[in-house]
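**Student:** My questions all concern the structure below.
Read-outs: derived from the displayed coordinates by stated rules, not from any lab. Predicted model only: the values in this text are computed from it and were never measured. Heads up, the Cβs are rebuilt from the backbone with ideal geometry, glycines too, and the neighbour counts pull from every protein chain shown.
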Amino acid sequence: MDICIQSRGHVEVVGIAGSVDGLTAETLLSTLQAHVDNGNTRLVVDLSAVEYTSSAGLRALLATVKEARRRGGDMRLADINPNVRKVLELSGFATILKIFGAVDEAVESFGAL
Amino acid sequence: MTTPSPAVGVRSFRAVAMADLPALAAFVDTACDGFGADGEVRFAMRLAVEEVFTNIIEHGYRGRGPVLVEVDGGPRCVRVRLSDEAPAFDPADAPVPDLESPLRDRDPGGLGWHLVRQLMDEVEHRLRPAPPRGNTYILVKQLPALAPDA
């Protein structure tokens, strides 16, 4: 799993590539939480290159969005492949996370400051 | 319990720790592919196997212990058995996640077994009393029906 983070104005776009599983999820969680702890509480997670996630990945996303919202921000998801989306839906995450078809759309959803 | 028929051989893999997860995932993917599973079925089986394996290693053994993973199948389904030597655990006792609660109340506990039950067509747990004592978890996923010849 690779993680690449880019700033798009007041939003951080987190691009993940590969598999998020029981071994890699901890790296994802610590990376996301470090950004939130540094005050970057508006996150868009680009999932276009994620071909797999288990519940370990869901736990990392859940912990991050909780902390981001607690600090007044949010974490939004974009460009999810069908298998990963199905996991999110089966876990009830599709109703508590904001999901967008494209990264640009998710970034714009935060609006201008 | 569905019986894959005709069987075309059992493929097996031995794992002992979370570090074996990538090799286990590759084994399951290749084995299921060999039984004609498409991408969606392979995804579901990889996920279910990871969830069960993780539960065995983290909760059953609390770190490390032998897990035998066997895959077989036939024209209609693929089946995976995971056998451990850990204390008895019936997945029916796993907590049921509340998928309706607001975000602040969400607890990720129980998501793993929930996903296994949602993605598999059959989930069975057996206790093995004879040595080596332990649990065997059996996961079955039906293959999509073959399209009739034109």
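**Student:** Please compute P(r) over all alpha-carbon pairs of the range B:15-114, binned at 5 Å starting from zero, and give each bin as a whole-number percent.
**Tutor:** Bins of 5 Å from zero give 2, 12, 21, 20, 18, 15, 9, 4, 1, 0 percent of pairs.
**Student:** Sticking with this one: How much FRET efficiency would the formula 1/(1 + (r/R0)^6) give for residue A:85 and residue B:133, where r is the Cβ-Cβ distance and R0 is 35 Å, rounded to 0.05?
**Tutor:** Computed FRET efficiency for residue A:85 and residue B:133 comes out at 0.30.
**Student:** Specify the inter-centroid distance of the range B:97-117 and the range B:127-147, based on alpha-carbon positions, in whole Å.
**Tutor:** Computed from Cα coordinates, the inter-centre distance equals 24 Å.
**Student:** Another question about this same structure. Fewest Cβ neighbours within 10 Å first, please rank B:71, B:96 accordingly.
**Tutor:** Result, fewest neighbours first: B:96, B:71.
**Student:** Give me the percent of DSSP beta bridges within the protein assembly as shown that run antiparallel, rounded to the nearest 5.
**Tutor:** 70 percent
**Student:** Oh, and also: Taking the Cα centre of the protein assembly as shown as the origin and placing charges on Cβ (Lys, Arg +1; Asp, Glu -1), which of A:93, A:52, B:19 is farthest toward the positive end of the dipole?
**Tutor:** Of the options given, the answer is B:19.
**Student:** To continue, here is another question. So what is the relative contact order of the range A:2-108, in percent, for Cα pairs below 8 Å that sit 6 or more residues apart? Don't skip to the answer; put the middle values down first.
**Tutor:** Working: 182 pairs, mean separation 28.8, N = 107.
Relative contact order comes out at 27 percent.
**Student:** Same structure again: Which one, B:131, B:92, A:84, is farthest towards the positive end of the dipole of the protein assembly as shown when Lys and Arg carry +1 and Asp and Glu -1 on their Cβ?
**Tutor:** Result: B:131.
**Student:** Determine, from the Cβ-Cβ distance of residue B:142 and residue B:14 and an R0 of 25 Å, the FRET efficiency 1/(1 + (r/R0)^6), rounded to the nearest 0.05.
**Tutor:** Calculated transfer efficiency: 0.40.
**Student:** Label points 7 Å out from Cα along the Cβ direction at residue A:38 and residue B:104: separation in nm?
**Tutor:** Rounded to a tenth, the inter-label distance reads 2.9 nm.
**Student:** How would B:120, B:18, A:75 line up from fewest to most surrounding beta-carbon atoms within 10 angstrom?
**Tutor:** B:18, B:120, A:75
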